[in-house]
Amino acid sequence: MEPERLLPVPDNIDDVDTTVPPQSAEHYLAQVMASRRSCPMVVRSEVKRKAPPPSAAIAEDGVFDAPATAAAAPPTRNALAPSEEWVQAKVASFCANRDQLISQKEKLPKTKVEWPVMSDSQCDKWVSMAMEECAPEAKKMTERFPAHKGTPPAIPILAAMSTAQIHFLLCALMDDWLLDEDQRPDEQKPSGALLQWIHSLLLFADLPIMPDVSSSLRSFVRDLRTRRVTESDEATRLQYSSFIAITAHAFLQKDLAD
C-alpha cells in the first residue's frame, strides 16, 4: 500500500527541508519522500576478483586438496635392492633363528675356546684366530666348515663366548673388513668366511647393541652398499643385501634400509 494513501502529502514536496528535525508524522513522511526524490541514481560496478591460488583449492566433499605442485613423489627403492618380500622373508628368518638361539643358549652344547685378551692391541690376534689359525679346541669341527681356515663359527663355540667377547670379535672382524685394500696381503682379502663369522656373531649379539658395535656395524653396511654397486656376482650382491636388510630392520638402523 502506498504511503500517500495513509497520510496526506504536501503538494510542494520538492520544497521540503530534509535537514531539520521532523515536526510531525506528516512532516517526517514528506522528508522521506523528498530525500528519495533527490537521491542520485544507483551506480552499479563490477569488480573482477582474482581466482584463488591452486594451493587452496577445495574439493567437492569439503576436504582441501593437496597442491598439485607440492605432491611429493613416492620414495623409490634402491635399484639394486631385492624385492620387499625378499627383505621381509630374510629378516623374519634371521629374527626367528636369533630368538631360538638366545632362548636356548644356556642349554646349547658349548666348546670353550681360549681367545686372546680383549684389548685394542690384540685385535689382530682375534681376527687371525677366527680367519687363519684354528683353535685346537675347534679342530674337530672344521670338516663341517670347508670354507674356513681358522676357527669356524660353530654354535658350540659361539654359545660358550661371553657377550663381551661376541661384541669384541664382531667389531674386530667388521673393522678388518673395512681395511683399505693396500693394507692387507692378498691372502687376507675379504672373504665369504669373514661374512659368515659376522652373520653368526650377529645372531648372538645382545639387543640393543652397544654404541661401539652400532658404529662398526653401520660403517660395515655402508661399505657393503658401495661394494654392491660394482659387484657382478648375483649371489654376492644378495649376501650384501641380506646384511643391509638385517641391520636396518632387526637392529633398527632404519636409515640404512634400501
> If we scan region 185-195, do we find a residue that is assigned by TED's automatic domain parsing to the domain that holds Ala89, under 22 Å from the mean Cα position of the chain (by Cα), of a type outside the set (Lys, Arg) and in a helix (DSSP H, G or I)?
Replying inline: no
> What are the residues in region 76-131 that are within 24 Å of Ala172 (Cα to Cα) and not assigned by TED's automatic domain parsing to the domain that holds Leu238, if any?
Replying inline: none
> Which one of the conditions (1) closer than 18 Å to Ile198 by Cα; (2) surrounded by 14 or more Cβ atoms within 10 Å (Cβ to Cβ) does Ala81 fail to meet, given that it meets all the rest?
Replying inline: (1)
> When the residues of region 95-126 are filtered to those that are closer than 25 Å to Ala245 by Cα and touching a residue at least 40 places away in the same chain (Cβ under 8 Å), which remaining residue is surrounded by the fewest Cβ atoms within 10 Å (Cβ to Cβ)?
Replying inline: Asn97
>> Condition first: surrounded by fewer than 16 Cβ atoms within 10 Å (Cβ to Cβ), assigned to a loop (DSSP other than H, G, I, E, B) and among the acidic types (Asp, Glu). Now tell me which residues in region 201-258 satisfy that.
In response: Asp206, Asp233
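The values are calculated or read from the model by the stated rules, or taken from the named source; none is laboratory data. Worth saying up front: this structure is predicted, and the values here are computed from it rather than measured. Heads up, the Cβs are rebuilt from the backbone with ideal geometry, glycines too, and the neighbour counts pull from every protein chain shown.
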